[in-house]
Ligand SMILES: Cc1cc2nc3c(=O)[nH]c(=O)nc-3n(C[C@H](O)[C@H](O)[C@H](O)COP(=O)(O)OP(=O)(O)OC[C@H]3O[C@@H](n4cnc5c(N)ncnc54)[C@H](O)[C@@H]3O)c2cc1C
Ligand code: SF4
């Protein structure tokens, strides 16, 4: 199982537990509520994990965690279930409208638990 | 005026006549053919069975064609045929005949060859009373014939003398991979096996082999090679080869200067050509000579590429060389081999099984310096840039420069455009992928495939999944696609898998393919909440059930609205509320209405003869029966239906995908209607039929649509694009012109038998229920961003803040 490596700036990051890794279905997302922030977390086919903001900037609805996960030219993506714009899971850039970018967050697995850092 | 008389009306004859006409030949052109129809595309013969395709070539203006006219003699001295028909130039284009080995029993009823449309029609007739078939010969044509028998529903065997299949095109390694492919389609291959005889009384009962015993079969197809039809030439004293074939020179002239021979019957430089491309070249050389030119036929390369049900096989150039580089992937069934000179710089030839990409790009490099390292070429041959003078279509002698020039000059945007302008791709079709690539290189977006992950259309993917028995997205994309899919291809594949296997849409890997509506079995609305539509078959509902819907809506604070499909939509449910709402609905006897799926929605009905003064049939009962029959059926797009109890049409059935209107005698079925953005009235498919016939016809119509439609193509657009239109559809689903109705019926029967309510199954499964939370780390917490105001005593979503960009 590969996992995203995060460069920690010693002691500053706060990691929040999200769920046990097996609870994330491969190629499907889930949403976590972390300190009032809605974070969409995804597990790709190869096991890599990604975390992005859950709000779809085009409709305003908090639904990106329910989009279809896939790839575009090899880059892992999620498509908004509202109007189908596609976002990079790596950079948060909307690949159909590169001027629009959504937040991304560091994510890791510690002892079988998925953790996300929003600050 | 020169009178040109052509004997035989196959592809060679047709090309000759066409070339003469297009070059402005001043004389007369007459064709005599023994088949009962005009010339047709023999290369695509098999599609006559599998797709019912019309293979006829277009008529050539000014050319006189006699069908059903066999030439039995030539009188060279008098310059006539059949004793009286005169010519100045006679062209023999008699092609070849299948070779039938002299084994006992070869004339029994049920024995066939595979050469003409009549042969195929006869095979189809025999197959109707058969369960198994054997093809004698495992070459190119034998495999095609085997494929056809399989398509006719027969258990199919192939008997081949050589130790491996297609010995003329592939070596032993390729043969092994090919055999695996063929066997994975359910065919049985017997290599290194001869034939002792055909057994049976009047009708074939089996084929006896020396060491594998009796293969039981009621159909036998001989495909053990071809023999040039040179009998006329022999009779006229023309020179023929020792092993057959009419001897010709570089100008296609036989030993009689007034008689030419072209195509498969001609023997040039000791060689007979059994492929269509050299035949076309010969026809063009002959046309030039007849018009006084000096064109010469100097031989042709025997490269081949073909595709049998997703398995590509190709061979080009030499089949041996000083060095060779092989790529073998036994799991995916891919075998590629290149032969190169001893200094590894010159390409000599290659063999491909399972992936013919190297053929398309590398064929033009045969005899030339390799454009990259051989191993790179085997891995990603499409990356190779073709030189401008590389021949792209060898059937019609078109180079890459010709194609690029045509694209620029005529602003072409698709392959049909290139075909029309240059003729490239019009004969064997193997260069079509290359044409697409040149289009892309020229800056034109081709987009024929579904998306970047699949170069196939939905219908092609359906066939692949069905034929290869694929059950998961991962298997399909690994073997036939690239990357990991997207929001376009994943739901399409989910729908195909659901149509073919009817498992739960949230089972295992399937869950990851569904778009959010299918994933939560509800319809996403603009503020992130969902709406719920319980099934109300035919729009008929008891007061008790109406009350349950009212109570559920009240208790969960949902907005309610009556839909156009005669049911009730409940809006404003949060994800985590869906299972609780459905628990109540399921307990009261409701089931999923599939409003969220590309599936059957409703069968609307008028009140019909039970209550209405005008009604002539019971439209409500029929509507309920239909809705229950087709509920849960996944399809390329949503499906709507309606039933009206008389011609007054109160249910608006003709605006539906399939609509039924009662008549005094039974039912009229209309198909391909649509409301919505581009309204279309449905067309009458069958008239005054009884209920059983009606259902059977709808079964077939729906299954045929599901098999062949594009992604998100409603029945209206599908019907308009269907070649042959409504008449063709009627031939297929009523007259069984393709011989697939039994298959379609079985598929629908399987759907009906395996239907289960998705919501009930979800409620019974704790694993599936776990996804119905707003937050994984706080399952009890509702989404705080969802809120409502009120309007006319019901809830209304609060407008969401859209992020500033
Ligand atoms: C099932 C199948 C699949 C094929 N697939 C491919 C492929 O993928 N690629 C490829 O390159 N090639 C393929 N071929 C081969 C290709 O079809 C032939 O090369 C091509 O048809 C040759 O054309 P022709 O006009 O020379 O001969 P034919 O097509 O044989 O036509 C000759 C015609 O002359 C008629 N005739 C003969 N004698 C007389 C007479 N005395 N009087 C009147 N009429 C007469 C015959 O009835 C026939 O209609 C395939 C062939 C078959 C059968
Ligand atoms: S369609 Fe005919 S039967 Fe049905 S309600 Fe209208 S008038 Fe009555």
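Every number here is computed from the coordinates shown, using simple stated rules; none is lab data. As the structure is a prediction and not an experimental result, all values here were calculated from the model. Cβ sites come from the backbone with ideal geometry, for glycine too, and all protein chains shown count toward neighbours.
Here is how the numbers come out for the structure above:
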| item | result |
| --- | --- |
| With Cα atoms, 0 to 90° folded angle of helix B:691-708 axis to chain B main axis | 70 degrees |
| Residues B:681, B:594 arranged by fewest to most Cβ contacts within 10 Å | B:681, B:594 |
| Proxy reagent accessibility, fewest Cβ within 10 Å first, across B:403, B:398 | B:398, B:403 |
| Mean Cα-pair separation over length for the range B:551-705, i.e. relative contact order, pairs under 8 Å, 6 or more apart, % | 14 percent |
| Inter-part distance where the range B:1-34 and the range A:7-70 are each reduced to a Cα centre, Å | 71 Å |
| Relative contact order (%) - criterion: Cα under 8 Å, at least six apart; region: chain B | 7 percent |
| DSSP-defined beta bridges in chain B - what % are antiparallel, rounded to 5 | 60 percent |
| C-alpha long axis of helix B:543-556 to longest principal axis of chain B, angle in ° | 80 degrees |
| Ranked list, fewest to most other Cβ atoms within 10 Å of each Cβ, for B:703, B:166, B:291, A:82 | B:291, A:82, B:703, B:166 |
| Acute angle (nearest 10 degrees) that the helix B:741-754 long axis makes with the longest principal axis of chain B, alpha-carbon atoms | 30 degrees |
